[in-house]
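Below is one structure; the comments refer to it alone.
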């Protein structure tokens with residue numbers, strides 16, 4: 001039997017629950033955890049030097065697989081460095097099982113190395129906190145560790161997905177002897193949690209269908225959501241056959257119907273004739289919305305009825321108008337409500353009673369915005385953040401997965417509205433921080449087996465470049481760094497843009513490039529500083545059979561002027 005057998009059992013329990021990926025940062029106190037998982041032989045181990053990057057790489061893997069990823073670190077400040085990724089995973093509902101090694105409790109605040117207060121260190125940003133006993137002599141301790149291990153991995157992988165933290169105090173000796181066998185017993189107890197699927201009663205449906213029938217203007221709006229073909233198919237039927245407009249940001253991964261509304265940023269940038277777009281019944285699904293224009297419009301013009309669909313147990317009301325929370329799966333709900341309405345119309349030999357002109361109003365504005373956007377981009381002769389990102393997206397194939405950094409890149413991507421044909425779009429909009437975007441994309445590319453492109457700003461890239469400190473980077477990863485010499489978003493925001501301290505304390509102007517970082521990481525490096533050089537570079541870049549980085553240099557003031565003009569093209 002191993003000196004720390006319960007930790008060997010923990011690894012086996014995780015495997016039997018379907019966990020396959022372990023991200024770890026090296027350390028001594030965590031050695032027993034590292035060896036328990038690595039010597040199991042059936043896990044894919046991902047050693048990452050920097051704990052902050054490790055957390056986001058684990059998030060990227062879990063984001064793709066939908067299965068909890070184990071995240072291991074040693075004691076002390078190492079655990080704190082997981083915090084940004086854990087907060088993002090909590091609000092984006094990504095399953096992680098966080099294992100932090102610790103000193104036994106009696107050594108806390110006794111001038112012992114790498115010893116801090118680790119109990120509930122992540123506060124409310126985990127679904128639940130557990131702590132193993134540090135002594136295993138009594139059978140109750142073995143039972144408790146087994147019970148906690150089963151509960152924690154079940155909890156991370158049940159809705160709402162999210163991070164679960166186990167703090168693991170470990171006594172010395174914690175390195176096994178050569179004679180120790182790190183094997184779990186054959187009679188290891190596994191506890192499986194069965195979660196009932198939420199459903200709606202006949203009475204519930206009658207009430208919902210009555211509210212639908214009483215609403216002339218019905219609008220469906222999607223928040224952040226992983227790509228789901230069943231959901232997109234159901235929404236396609238609703239918009240095409242029932243004349244209900246469906247609006248969603250790029251992070252909603254809405255695709256399928258040509259009638260979907262993707263250019264609401266431009267449509268709602270103008271205050272003209274917005275009253276004809278106000279819904280009577282608003283139906284939302286998914287997590288956060290990112291379009292400020294859409295959120296402002298819906299807050300300023302609250303619908304009489306607002307249903308939010310989602311079985312994640314989160315009672316959120318960001319638009320300040322929810323009248324009904326419907327705790328069911330979104331794809332099931334939209335499939336079912338379409339079937340019920342379609343059958344009802346068939347039996348009655350009638351057409352849908354909602355106002356068809358409402359759909360027409362949205363569609364006319366969408367078509368106008370598309371034409372004006374195309375004209376604007378065609379006549380744009382300089383290389384700017386906007387034109388560069390448009391070129392990158394235009395050169396991606398339908399098999400590409402696109403990851404986007406926060407701050408301005410995701411705002412550009414959302415306003416362009418051209419990502420519905422891609423294999424999926426991902427952005428860390430749980431906390432919307434610039435930290436970890438690069439590492440998340442690396443984690444995703446390690447497991448998704450598809451071409452993976454990241455568009456990221458220079459500050460965000462520099463901030464997270466320790467994510468590149470892997471032994472081998474995935475060959476399917478392509479990184480596009482938009483380098484405008486600082487935090488360009490602050491030129492776009494009226495408040496900081498008017499301050500004399502803009503360049504020194506908001507933009508944090510710099511002269512760094514990604515060249516040496518790319519070379520150190522073994523990435524093929526390319527650069528572009530004009531429209532022609534970008535087109536030439538993109539062609540070669542997309543043909544690369546190994547990981548590469550393309551750096552695009554733009555002027556911050558030109559970016560500001562172009563963005564301002566772009567957002568006003570529908571105001572005339």
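Within the bounds of the stretch 65-81, is there any residue that is touching a helix residue (DSSP H, G or I) at 6+ places or on another chain (Cβ under 7 Å), surrounded by fewer than 23 Cβ atoms within 10 Å (Cβ to Cβ) and closer than 28 Å to residue 449 by Cα? Yes - at least one qualifying residue is present in the stretch 65-81.
Scanning the stretch 233-263 for residues that are in a helix (DSSP H, G or I), without any contact (Cβ under 8 Å) to a residue 60 or more places away in the chain and buried (at least 24 other Cβ atoms within 10 Å of the Cβ) yields one hit, 252. Within the stretch 308-330, the residues that satisfy the criterion of being under 21 Å from residue 91 (Cα atoms) and either outside any loop (DSSP other than H, G, I, E, B) or without any contact (Cβ under 8 Å) to a residue 12 or more places away in the chain (or both) are 308, 309, 315, 316, 317, 325, 326, 330. The single condition from (1) closer than 22 Å to residue 393 by Cα; (2) part of a loop (DSSP other than H, G, I, E, B); (3) under 28 Å from the mean Cα position of the chain (by Cα) that residue 569 fails is (3).
Please verify whether residue 44 is more than 21 Å from residue 151 (Cα to Cα), surrounded by 24 or more Cβ atoms within 10 Å (Cβ to Cβ) and touching a helix residue (DSSP H, G or I) at 6+ places or on another chain (Cβ under 9 Å), treating the condition exactly as stated.
Details: more than 21 Å from residue 151 (Cα to Cα): yes; surrounded by 24 or more Cβ atoms within 10 Å (Cβ to Cβ): no; touching a helix residue (DSSP H, G or I) at 6+ places or on another chain (Cβ under 9 Å): yes.
No.
Do we find that residue 67 is modelled with pLDDT of 95 or more and either outside any loop (DSSP other than H, G, I, E, B) or assigned by TED's automatic domain parsing to the domain that holds residue 328 (or both) in this structure? Lay out the reasoning, then the answer.
Numbers: modelled with pLDDT of 95 or more: yes; either outside any loop (DSSP other than H, G, I, E, B) or assigned by TED's automatic domain parsing to the domain that holds residue 328 (or both): no.
Taking the combined requirement at face value, the residue does not satisfy it.
Where helices (runs of 4 or more DSSP H) fall wholly inside the stretch 462-532, the ranges with 3 or more residues that are touching a strand residue (DSSP E or B) at 6+ places or on another chain (Cβ under 9 Å) and touching a residue at least 24 places away in the same chain (Cβ under 8 Å) are 515-520.
Counting the residues of the stretch 445-458 that are assigned to a helix (DSSP H, G or I) and buried (at least 24 other Cβ atoms within 10 Å of the Cβ) gives 2.
When the stretch 374-395 is examined, which residues are found to be surrounded by fewer than 21 Cβ atoms within 10 Å (Cβ to Cβ) and either without any contact (Cβ under 8 Å) to a residue 60 or more places away in the chain or in a helix (DSSP H, G or I) (or both)? Spell out how you get there, then give the answer.
So in the stretch 374-395, the residues surrounded by fewer than 21 Cβ atoms within 10 Å (Cβ to Cβ) come out as 374-382, 390-391, 394-395.
Scanning the stretch 374-395 gives 374, 375, 376, 377, 378, 379, 390, 391, 394.
Condition check ((1) touching a helix residue (DSSP H, G or I) at 6+ places or on another chain (Cβ under 9 Å); (2) buried (at least 22 other Cβ atoms within 10 Å of the Cβ); (3) within 21 Å of residue 229 (Cβ to Cβ); (4) assigned by TED's automatic domain parsing to the domain that holds residue 490) across all residues:
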position: 402; (1), (2), (3), (4): yes, yes, yes, yes
position: 410; (1), (2), (3), (4): yes, yes, no, yes
position: 414; (1), (2), (3), (4): yes, yes, no, yes
position: 424; (1), (2), (3), (4): yes, no, yes, yes
position: 427; (1), (2), (3), (4): yes, yes, yes, yes
position: 430; (1), (2), (3), (4): yes, no, no, yes
position: 438; (1), (2), (3), (4): yes, yes, no, yes
position: 443; (1), (2), (3), (4): yes, yes, no, yes
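When the criteria are applied in full, residue 54 meets the requirement of being under 24 Å from residue 401 (Cβ atoms), assigned by TED's automatic domain parsing to the domain that holds residue 153 and within 21 Å of the chain's Cα centre (by Cα). Taking (1) assigned to a helix (DSSP H, G or I); (2) surrounded by 14 or more Cβ atoms within 10 Å (Cβ to Cβ); (3) more than 26 Å from the chain's Cα centre (by Cα); (4) assigned by TED's automatic domain parsing to the domain that holds residue 289 in turn, residue 335 satisfies each apart from (3).
The values are calculated or read from the model by the stated rules, or taken from the named source; none is laboratory data. What you see is a predicted model, and the numbers here were worked out from it, not measured in a lab. Don't worry about glycine lacking a Cβ; one is built from the backbone with ideal geometry, like all the others, and counts go over all protein chains shown.
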